[in-house]
Amino acid sequence: SMNPGLNKNKLFISKAYSGKYYFFSAFQTNPFRCKTDTVTIPEPNMWQRFTADYFYIISKTDKIFVFNKFTLKLQFVINGNYSPGCIFNDRKGNVWVGSIDKGLFLYKKSGIESFAIPDKFTNTYFLSIARKPGGALLAGNYFGQVAETDGKYFIVNSLPKSDAMLWQRKIIVTPNKIYTFSEGGSYLNYTKPLLDRRNWHMHSKTAAYF
């Protein structure tokens, strides 16, 4: 199957497990033409995402190949004894990794450090990461929860129950608001449903903030 996507006026397409992505940009008409770039990893790809600075690919062996999303040049590869679910880069240049099985990790160029999570909190299958203006980290999980911590406190925000999947796919933070997005529903500040133009509750896998 083919996996298409769009980010920052770049259209990309990839064949599942091929390890290869084709990017199309700088579109022009009369005649129609565009620039084509290729990104390749040396093993089968599972899925891909964008952060503020990076395009990253998670491979079938749980490596994270991280590319500059503007130049498409490989920056580094993250590989640890865990199954990654997402990454996030903050304004300080740190890269955070949310894992499926072992919680949160802070990536520094000297290595990966684990981020403390209370032992009683076991829902550590993380799919999305964001950061509040004051520095607190937000991590959305598979179970309809968004954990919040600054290293000194740890709280769990639970989204309303739904018959659909509660996987917290995307978190967007503005100065005074937190938006969460999943197939089970999209919410403002964890409680207020986001509605579309038909006044229907929005169900989303991702979102963008302009």
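Using C-alpha pairs under 8 Å with a sequence gap of at least 6, the mean separation divided by the residue count of the chain gives a relative contact order of 8 percent. Shown is the FRET efficiency for Tyr153 and Thr36, computed with R0 = 45 Å from the Cβ-Cβ distance and rounded to the nearest 0.05: 0.40. Using the Cβ of Ile57 as centre and a radius below 12 Å, the other residues enclosed give a net charge of +3, where K and R count +1 and D and E count -1. Each eigenvalue of the Cα gyration tensor of the range 22-71, multiplied by 5 and square-rooted, gives one semi-axis; in descending order these are 26, 12, 8 Å. The residue among Pro31, Ile129, Leu104 whose Cα reaches farthest toward the positive pole of the charge dipole of the chain, with charges on the beta-carbon of Lys, Arg, Asp and Glu, is Pro31.
Global size of the chain: 17.8, 62 Å for Rg and Dmax (C-alpha atoms, Rg to one decimal, Dmax whole). With 0.36 nm allotted per residue and the present C-alpha distance subtracted, the Phe76-Glu183 stretch has 35.4 nm of extension available. Round to a whole number: what % of the accessible area of the range 1-129 belongs to carbon and sulfur, probe 1.4 Å? Accessible surface attributable to carbon and sulfur in the range 1-129 totals 51 percent.
Shown here for the range 44-149: trypsin sites (Lys or Arg not before Pro) in loop regions (DSSP other than H, G, I, E, B) with at most 10 other Cβ atoms within 10 Å, namely Lys73, Arg91, Lys92, Lys109, Lys120. The amide H of Cys86, built 1.01 Å from its N in the peptide plane, has Gly98 as neighbours under 5 Å, considering only residues 5 or more places off or on other chains.
Sparsely packed loop sites in the range 141-210 (the trypsin sites (Lys or Arg not before Pro) outside DSSP H, G, I, E and B with at most 10 other Cβ atoms within 10 Å) comprise Lys152, Lys161, Arg197, Arg198.
Kirkwood hydrodynamic radius of the range 55-97, from the reciprocal of the average inverse Cα-Cα distance over all distinct pairs: 10.9 Å.
Taking the Cα atoms of the range 147-204, the ratio Rg/Rh between the radius of gyration and the Kirkwood radius comes to 1.00.
Among the chymotrypsin sites (Phe, Trp or Tyr not before Pro) within the range 25-78, those in coil by DSSP and having at most 12 neighbouring Cβ atoms inside 10 Å are Phe32, Phe70. Summarising the label geometry, the points placed 7 Å from Cα in the beta-carbon direction at Ser83 and Met202 lie 3.0 nm from one another. Under a Cβ-Cβ cut-off of 12 Å, what is the net charge of the residues other than Tyr22 that fall near it, where Lys and Arg count +1 and Asp and Glu count -1? Residues near Tyr22 contribute +3 overall.
With each label modelled as a point 7 angstrom along the Cα→C-beta vector, the Tyr209-Thr122 pair spans 3.3 nm.
The mean accessible area for residues of the chain, using a 1.4 Å probe and ignoring ligands and nucleic acids, is 58 Å² per residue. Calculated on the alpha-carbon coordinates, the convex hull of the range 63-186 measures out at 125 cubic angstrom per residue.
The values are calculated or read from the model by the stated rules, or taken from the named source; none is laboratory data. The structure presented is a predicted model; accordingly, all values stated were derived computationally and were not measured. Don't worry about glycine lacking a Cβ; one is built from the backbone with ideal geometry, like all the others, and counts go over all protein chains shown. The accessibility values were calculated without ligands, DNA or RNA, using every heavy atom of the protein model including side chains. Shrake-Rupley method; radii C 1.70, N 1.55, O 1.52, S 1.80 Å.
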